[in-house]
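Read-outs: derived from the displayed coordinates by stated rules, not from any lab. Being a predicted model, the structure only gives us computed values, none of them experimental. Positions of Cβ are backbone-derived with ideal geometry, glycine not excepted, and every protein chain shown enters the neighbour counts.
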Amino acid sequence: MSMSAAPVIEYLRQLELQGETHVNVDDEARLILREFYLRARAGNTAGNTAGHKPAPVSPPAPEPLPSPLPGRPENQVAEPAESPEQLVVTGNSAAERIISLKRQAAGWGPVRALDSLRQTMVFSVGNPEADVMLIGEAPGYDEERLGEPFVGKAGQKLDGILKAMGLARRDVYMTNVVKFRPAMPNQTTNSRKPTSAEMEACMPFIHAEVEVVAPKVIIVLGGTPAQALLGAEGSVVSLRGEFHEFAGVPVRVTYHPSYILHNEATAEKRKLWEDMLSVMDYLKMPVSDKQRGFFLSP
Ligand code: URA
């Protein structure tokens, strides 16, 4: 059987461009990958004399992203004026441009200078050309562990809300204002809210993500990210119920899904659901009578 790893690598690259950060590898796939490894190692040792240690198999070097093209200003997103560090967005497709942002976020100077966030970056997930962009506050323990926003209990609640809207994770773009888990002394699974300074340090990414994704609507989850995006002092209670605006995009503020996890009252669920209905109406998504009636008291 002739085997080449090239199509697999190509497929994984395409998944990455679509925003995937993980692939599940079952036992069968593991065996196939091991076979690739063994054959590559055999190929590498073909020129070795007997008894020599086989050369280690190195992964293919990542291809550099194209540098910004002169005369193609649409390939660049201007950094906000107050940022001390230059954020340059490269790539032709939205997916490539999000990847270029992600690469810069990992070592972002203003974040490193604060020295109050943890090391592992959690950037975003979903469709970089989505109509709906959801913005939370910061990754927590589960998100840091899995490298993906909203994968813990709050994320599962959010998945349920999206499902009720007829959407899946891959249909929307999900991100957080802060791309690293806020650090605490003796930290285990506990989390804290990001500070204003931490949010400010990461805001150039939100500006750039909004420009790249160009969503039709933004849903802000909770008062903390609302403060960062809208400069609002108000609580979710005072901000929800109407559209705001960020970088020319309509913004709906609603409760963070963790609030609903801790407050199971039907009336609170209904408020969050009404915010989602207003987004669905705004996007002219079909809404059934059943959907319209979710969480209405009998
Ligand atoms: N809460 C957030 O705001 N974001 C996450 O990614 C997870 C929990």
Kindly write out, for segment 125-135 in residue order, the coupling ³J(HN,Hα) from the Karplus curve 6.51 cos²θ - 1.76 cosθ + 1.60 (θ = phi - 60°), rounded to whole Hz, with x marking Gly and Pro. 8, x, 8, x, 10, 6, 6, 10, 10, 10, 10
Would you please give the residues with an amide H less than 5 Å from that of LEU117, counting only those at least 5 places away or on a separate chain, with H modeled from the backbone geometry? ALA183
Going by amide H atoms built from the backbone, whose H comes under 5 Å of the H on ASN176, apart from near neighbours? GLY136
Using θ = phi - 60° and the Karplus curve 6.51 cos²θ - 1.76 cosθ + 1.60, what whole-Hz ³J(HN,Hα) does each residue of segment 182-190 get, with Gly and Pro shown as x? x, 7, 9, x, 6, 6, 10, 9, 6
Just report the Cα centroid separation between segment 228-298 and segment 147-217, whole Å. 16
Let's see if you can work this out: charge +1 on each Lys and Arg Cβ, -1 on each Asp and Glu Cβ, no other charges. What is the dipole magnitude of segment 158-298 about its Cα centre, in debye to the nearest 20? 400
In whole Hz and in residue order, list the ³J(HN,Hα) couplings for segment 272-284 that follow from phi through the Karplus curve 6.51 cos²θ - 1.76 cosθ + 1.60, θ = phi - 60°; x for Gly and Pro. 4, 5, 4, 5, 5, 4, 5, 5, 4, 5, 4, 7, 6
Which loop-located trypsin sites (Lys or Arg not before Pro) does segment 187-261 contain, where loop means any DSSP state but H, G, I, E or B and the Cβ has at most 15 other Cβ atoms within 10 Å? ARG192, LYS216
If you place +1 on the Cβ of every Lys and Arg and -1 on the Cβ of every Asp and Glu, how big does the dipole about the Cα centre of segment 124-238 come out, in debye to the nearest 20? 360
